[in-house]
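To start, the structure itself, in structure tokens.
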Amino acid sequence: MIQAGLETKNELTPPLWLLAELTYRCPLQCPYCSNPLEIAKYQNELTTEDWIRVMQQARKMGATQLGFSGGEPLVRPDLETLIQEARRLGYYTNLITSGVGMDEARVKRFKEAGLDHIQISFQASDEELNNFLGGTKTFQHKKEMARIVKEYEYPMVLNIVIHRKNIDQIRDILEMTVELNADYVELASTQYYGWSRVNVDQLLPTREQLANAEIVAKEYQEKMKGKSRIIYVIPDYFENRPKPCMNGWGSIFLTIAPDGTALPCHEAGQLPIEFPNVKDFSIADIWHDSPGFNHFRGFGWMKEPCRSCDEKEKDFGGCRCQAFMMTGDAANADPVCDKSAHHQALLEDIARIAELAEQESHHKVGEKPLVFRNMKNSKKITKEAEKTVTV
């Protein structure tokens, strides 16, 4: 087994949050999606019985929160069955959806099955931009679904991923959430993994855009206090300290990919680590004994500057996936941290992207097209990656 940072298994906490990525199929093609680039590889999805077994085992270990995600979880015809079983087991359940594939009849079935929470995503407040980013005409349908969710006495939870293409509309976005009578609003600054990493040059906002957006967000936080909770967090790239990713590797969060691969976070599948599958091992065995889940637990794996850092128990060295993407070594300090040897390279990349955005705004260079999330592009990216490895 790969050396874990923990001294004994007794130090392990149970997985409290289970994210069930039911499928990577999705009717939308958002270029900021954090799903793996190789979505074409995830065709062999877990069966209804597989998912029920996973939920039962995780609940027995102490998991209390259950998120149904994807892709688009609504494409699974067994979703109501899974919700009903989750309610029987005592989970608090959250459906994370675009709303596409949902209607009033299905919302009613979700209510009857015991679903606790529905989060609906929008791409923008402008119908044309929303439909462009999603790759299909969904804006009016989303608004109707938001209305119906509220009608069925669910908390109105809206998620809007923020990036350079829509950040200047943030006031209009917040006005839309007021119009829809949202209880919770997540202005989710793009985290650059998966498809959004491919499109980082086109999506990363400038510092000026972020500063302006923060002013507007704070204005509405004050304006809507007691009526709506608005959450706004700037992208990692503009911080000097990394976030405590997933509250520590293998600490609280357990993600199950559509094919049954168990992961400490939804991006960990890109790392050169072998992760177990729920078809082969129990959740208890995976959580306690698998090399993948023990790989970055604790602090024993850390290299400098993390090893001797007095903040390591606060941020756990940051994000392992981000470190891997930016430095080629997942054990390095997250480059977001200004103590990292790779932080300067990140700053230079941010400056490069800002200069590119400036040139595009003045038509000095042509705008680079977005790579939309779809099966065709997935197969192309996978093929190019395999070709690179072969060479």
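The values are calculated or read from the model by the stated rules, or taken from the named source; none is laboratory data. Just so it is clear, the structure is predicted and the values come from calculations on it, not from any experiment. With ideal geometry, Cβ positions are generated from the backbone for all residues, glycine too; neighbour counts draw on all protein chains shown. Just the protein is used for accessible areas: all its heavy atoms, side chains included, with ligands, DNA and RNA removed. Shrake-Rupley method; radii C 1.70, N 1.55, O 1.52, S 1.80 Å.
Post the alpha-carbon centroid distance, region 292-325 to region 116-156, in whole angstrom.
38 Å
Can you list the chymotrypsin sites (Phe, Trp or Tyr not before Pro) in region 75-166 that are in a DSSP coil and have 14 or fewer other beta carbons within 10 angstrom?
Y152
Given the options K108, K376, K279, which has the most mean-square fluctuation in a GNM of the chain, springs set between C-alpha atoms less than 10 angstrom apart?
Evaluated over the chain, the most mobile residue of the options is K376.
In debye to the nearest 20, how big a dipole does region 311-363 give about its Cα centre with +1 on each Lys and Arg Cβ and -1 on each Asp and Glu Cβ?
220 debye
Of the accessible area of region 315-359, with the probe set at 1.4 angstrom, what percent is carbon plus sulfur?
52 percent
Which distance in Å, rounded to a whole number, links the C-alpha centroids of region 331-373 and region 198-230?
Comparing the Cα centres of region 331-373 and region 198-230, I get a distance of 19 Å.
Picking from V216, S251, Q359, whose Cα lies most toward the positive end of the charge dipole for the chain (charges on Cβ: Lys, Arg +1; Asp, Glu -1)?
Among V216, S251, Q359, the one farthest towards the positive end of the dipole of the chain is S251.
Mean-square fluctuation check for the chain, GNM, Cα pairs under 10 Å: which of L89, L66, L263 is largest?
Per the Cα network of the chain with a 10 Å cutoff, L89 tops the list.
Hey, which of these cross-link pairs are over 25 Å Cα-Cα: K165/K376; K142/K227; K223/K314?
K223/K314
With every protein chain present, what is the per residue accessible area of region 183-337 (1.4 Å probe, Å²)? Don't jump to the answer; show the numbers that get you there.
Details: 6240 Å² over 155 residues.
Value returned for region 183-337: 40 Å² of accessible area per residue.
So, with +1 on the Cβ of K and R and -1 on the Cβ of D and E, and no other charges, what is the size of the charge dipole of region 217-357 about its Cα centre, to the nearest 20 debye?
Dipole magnitude for region 217-357 comes out near 580 debye.
Calculate, for region 54-116, the solvent-accessible area per residue in square angstrom, rolling a 1.4 angstrom probe over the heavy atoms of the protein chains.
Heavy-atom accessible area per residue stands at 39 Å².
Rounded to the nearest 20 Debye, what is the dipole magnitude of the chain about its Cα centre when Lys and Arg each give +1 and Asp and Glu each give -1 at the C-beta? Show your work: numbers first, answer last.
Details: 47 positive and 56 negative charges, 102 e Å.
Its charge dipole is roughly 500 debye.
Over region 81-200, with every protein chain in place, what whole percent of the accessible area is carbon and sulfur at 1.4 Å, could you tell me?
45 percent
Within 10 Å of each candidate Cβ there may be at most 12 other Cβ atoms; applying that plus a DSSP loop requirement, which trypsin sites (Lys or Arg not before Pro) in region 168-276 survive?
Of the trypsin sites (Lys or Arg not before Pro), the ones in loops of region 168-276 whose Cβ has at most 12 other Cβ atoms within 10 Å are K225, K227.
If I compute solvent accessible area with a 1.4 Å probe over the protein chains, what percent of it on region 222-282 is carbon and sulfur?
On region 222-282, the fraction of accessible area on carbon and sulfur atoms equals 52 percent.
List the aspartates and glutamates whose Cα sits under 14 Å from the Cα of K225, skipping any in the same chain fewer than 8 residues away.
List returned: D183.
Which percent, nearest 5, of DSSP beta bridges in the chain are antiparallel?
10 percent
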